[in-house]
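Remarks on the structure that follows.
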Amino acid sequence: MAGRRRARGILRAPFRVLRRWALRGLAALALWVAAYGWVDPPTTLLILSERWRLGDVAHAGPRLRDLPPLVRLAFPAAEDARVCAHWGIDLEAVADAVAEARAGGRLRGASTLAQQVAKNAFLWPGRDWARKGLEAVLAPALDLAWGKRRVLEVYLGVAEMGPGVFGLEAAARAHFGRAAAELSPRQAALIAAALPNPKERDPARPSAFLARRAAAIEGGARTLLADGRGSCLLDR
């Protein structure tokens, strides 16, 4: 009997160790998420990678409270127009994207701002399923723990917005030579229109396509402001 119990204990030991480390990892991740609710991310894996590749990068994010409404709403208008209506994952947008692909269209992304923050601030670049799974777990947690405005603020602090340019403050200065708080709605829309391909699209010298996309984004931002769908991102 004693031998059997000892053998079972030996077999269970790796699972106990694995569970212990898994719990420690979850606790560390929870503390990391909590910290970024108050402290701006100092860097990300993509920023570190680009700094190594280019030698240096520009990285600066704005304070959300300093941004005019149409400037802050340009980015949800471009990336996540239903931001105030979902809980970090937009199931309606996912269903629409799948239906469009099944009808013969191109499979487009349906990532929310929270999902992009999860990827940019906590995970690694790429399109593998492991990262997408972690992103789907983290996004609702960020939405719940931080609230919509903090999610947008962190997004604007770490998103890539030009070659070696990260964050809206750095992008405003690189593309238009002014602070983010001084951007016009058109300029903010041009920066937003360059996503998700900021290495190839130049907001300061927009192509005809980029100019049209920026006009649509600026119109979308004005709609979000007028009909209240962007109210969760505005000052109360």
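List of remarks:
- Only one entry in Asp227, Asp235, Asp202 is among the acidic types (Asp, Glu), on the phi < 0 side of the Ramachandran plot and surrounded by 13 or more Cβ atoms within 10 Å (Cβ to Cβ), namely Asp202.
- Flag for Arg72 being open to solvent by 40 Å² or more (accessible area, probe 1.4 Å), part of a helix (DSSP H, G or I) and at pLDDT 95 or above: no
- Residue within segment 105-121 that is without any contact (Cβ under 8 Å) to a residue 12 or more places away in the chain and either of a type in the set (D, E, K, R) or surrounded by 24 or more Cβ atoms within 10 Å (Cβ to Cβ) (or both) present: yes
- Residue match in segment 191-207 (condition: basic (Lys, Arg) and closer than 22 Å to Ala114 by Cβ): no
- For segment 75-96, a residue qualifies if it is open to solvent by 40 Å² or more (accessible area, probe 1.4 Å), of a type in the set (D, E, K, R) and in a loop (DSSP other than H, G, I, E, B), and exactly one does: Arg82.
- Per this entry, Arg186 is counted among residues that are closer than 13 Å to Ala74 by Cα, open to solvent by 50 Å² or more (accessible area, probe 1.4 Å) and of a type outside the set (Gly, Ala, Ser).
- Residue match in segment 36-51 (condition: modelled with pLDDT of 90 or more, in a strand (DSSP E or B) and in contact with a helix residue (DSSP H, G or I) (Cβ under 6 Å, 6 or more places away or on another chain)): no
- Where Ala171 falls short, out of the listed (1) touching a strand residue (DSSP E or B) at 6+ places or on another chain (Cβ under 6 Å); (2) open to solvent by 30 Å² or more (accessible area, probe 1.4 Å): (2)
The values are calculated or read from the model by the stated rules, or taken from the named source; none is laboratory data. Small disclaimer: the values here were computed from a predicted structure and weren't measured. Note: ideal-geometry Cβ built from the backbone for every residue, glycine included; neighbour counts use all protein chains shown. SASA here: full protein model, heavy atoms, side chains in, ligands and nucleic acids out. Shrake-Rupley method; radii C 1.70, N 1.55, O 1.52, S 1.80 Å.
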